[in-house]
Amino acid sequence: MTEQHPDENLPSVEGVDIDDIRKNIQKLPMLPVVVYELMKYDPNSKDFYDIVLKLAQSDPPLATALLGYANSAAFAQHQATRISSVKAALSRVGAKRLFELLFASSVTRVFLPHKTEHRQLWQHSLQVAHFATYLVEHAEHQHVDPQQVYMAGLLHDVGRFVMLQLAPHALDKTDAQGWHTAVELVDVEKQVTGHTHAEVGLSACKKLHLPRLISIAVQYHHSPEVFESRSLSHENRQLLAAIMVADELSFFLAADSKNSHLPPAEIKQQIAEDVLNETIDTELIALNKICYELPKLLRKVSEVQSSLGLGS
């Protein structure tokens, strides 16, 4: 599968020009060093615990977020004492969860939310990251590292975050149209700005020097036709299936507050029949299982939001 560059002649609509956005992407601050450090290490390696501990201890704001997370109700309810050191917090939370918190906390430094709607964008990104990770972790076979899926899920909408920073009025106009699904979002974006956040996101991936796996998720997460390609590797196929399903599932839950309280079997049926594109290869992910775990996953996302100061 080869990367395709967005059309260089996309029109300017509502005062938003794709070329201007690409030029201004160069002005965005780089992601914190800790993000690139986390991308380099294998979460399954025996020294990963020590690596994560060192990274957390070297960054006071991240250490503060970790301590708050470790002392939150999710972890402290059965503990008699409060955690006061990063090492003790890591022991309580675990390297995997700390990895997720470090990564999310670092990214929020670049893409800060300013309005309720923008915090909702972060909620969506966190949901996609956690949902997609679950879908891969509980799949019959793992072709892609779940931690890589988490990073790709968190950054799959990096194009929208760039719009938030560089052209917030365009993001607001897009959201004001009242879309509810991925297909509707892409259509509205084209009407309002003349381009999609996937196109903007691909440019951002290059500027931020993100790994190819993340770039693939950013570029193709609204392109289910990619599954028709024979050259699509098992790794990328599972990654995209997880991101696309997680994306649609998050939209489905946001469309109606009652949806998260539906019986798991009904959620599964509605997702399969009314939400997902039939082209998506759902055989590679744990779609049947996630519908039964949504309450727990949503609580986890809420806890992370609170620790990051991203509550709605």
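Values quoted throughout were computed directly from the atomic coordinates according to the rules given, and no laboratory measurement underlies them. Keep in mind it's a predicted model, so treat the numbers as computed, not measured. Every residue, glycine as well, gets a Cβ built from its backbone with ideal geometry; the counts of neighbours run over all protein chains shown.
Quick notes
- Separation of the H114 and D19 label points, Cα + 7 Å toward Cβ, nm: 2.6 nm
- Residue-span extension gain [D274 to K40] - 0.36 nm each, minus C-alpha spacing: 80.4 nm
- Neighbour-count ranking [beta-carbon atoms within 10 angstrom, fewest first] of V128, V162: V162, V128
- Here S85, S302, S257, S307 are placed in order of increasing Cβ neighbour count within 10 Å, fewest first, which gives S257, S85, S302, S307.
- DSSP loop GluC sites (Glu not before Pro) with at most 11 other Cβ within 10 Å excluded, longest remaining stretch of the chain: 141-277
- Cα centroid separation, the range 259-273 to the range 102-116 (Å): 31 Å
- Loop sites here are trypsin sites (Lys or Arg not before Pro) outside DSSP states H, G, I, E and B with no more than 13 other Cβ atoms within 10 Å. The longest part of the chain free of them is 116-229.
- Cβ-based exposure ranking for T193, T181, in which fewest neighbours within 10 Å come first: T181, T193
- Shape of the range 32-109, Cα gyration tensor, a/c cut at 1.5: prolate
- Contact order relative to length of the chain, as percent, for alpha carbon pairs under 8 angstrom and 6 or more apart: 24 percent
- Which label in [x] 58, 46, 38; [y] 76, 50, 37; [z] 56, 50, 34 gives the computed Cα extents along the principal axes in Å: [x]
- Within-13-Å neighbourhood charge of K27 [Cβ basis; K, R +1; D, E -1]: +2
- Between K190 and A95, the C-beta separation translates, for a Förster distance of 41 Å, into a calculated FRET efficiency of about 0.45.
- Using the Karplus relation 6.51 cos²θ - 1.76 cosθ + 1.60 with θ = phi - 60°, the per-residue 3J(HN,Hα) values for the range 243-252 come to 5, 5, 5, 4, 4, 5, 5, 5, 4, 4 Hz, with x marking Gly and Pro.
- Residue-wise HN-Hα coupling along the range 106-113, computed from phi with Karplus coefficients 6.51, -1.76, 1.60 (Hz; x: Gly, Pro): 5, 5, 5, 5, 8, 10, 7, x
- Karplus-based coupling profile of the range 221-235, in residue order and whole Hz: 6, 10, 10, x, 5, 5, 5, 7, 7, 6, 7, 6, 5, 4, 4, with θ = phi - 60° in 6.51 cos²θ - 1.76 cosθ + 1.60 and x standing for Gly or Pro.
- Cα-Cα over 20 Å, subset of K173/K206; K23/K206; K96/K296: K173/K206
- q = 0.11, 0.17, 0.18, 0.20 Å⁻¹, the range 159-312: log10 I(q)/I(0) [Debye, one scatterer per Cα]: -0.49, -1.22, -1.34, -1.50
- Surrounding net charge for H138, when Lys and Arg each add one and Asp and Glu each subtract one, Cβ distance under 13 Å: -1
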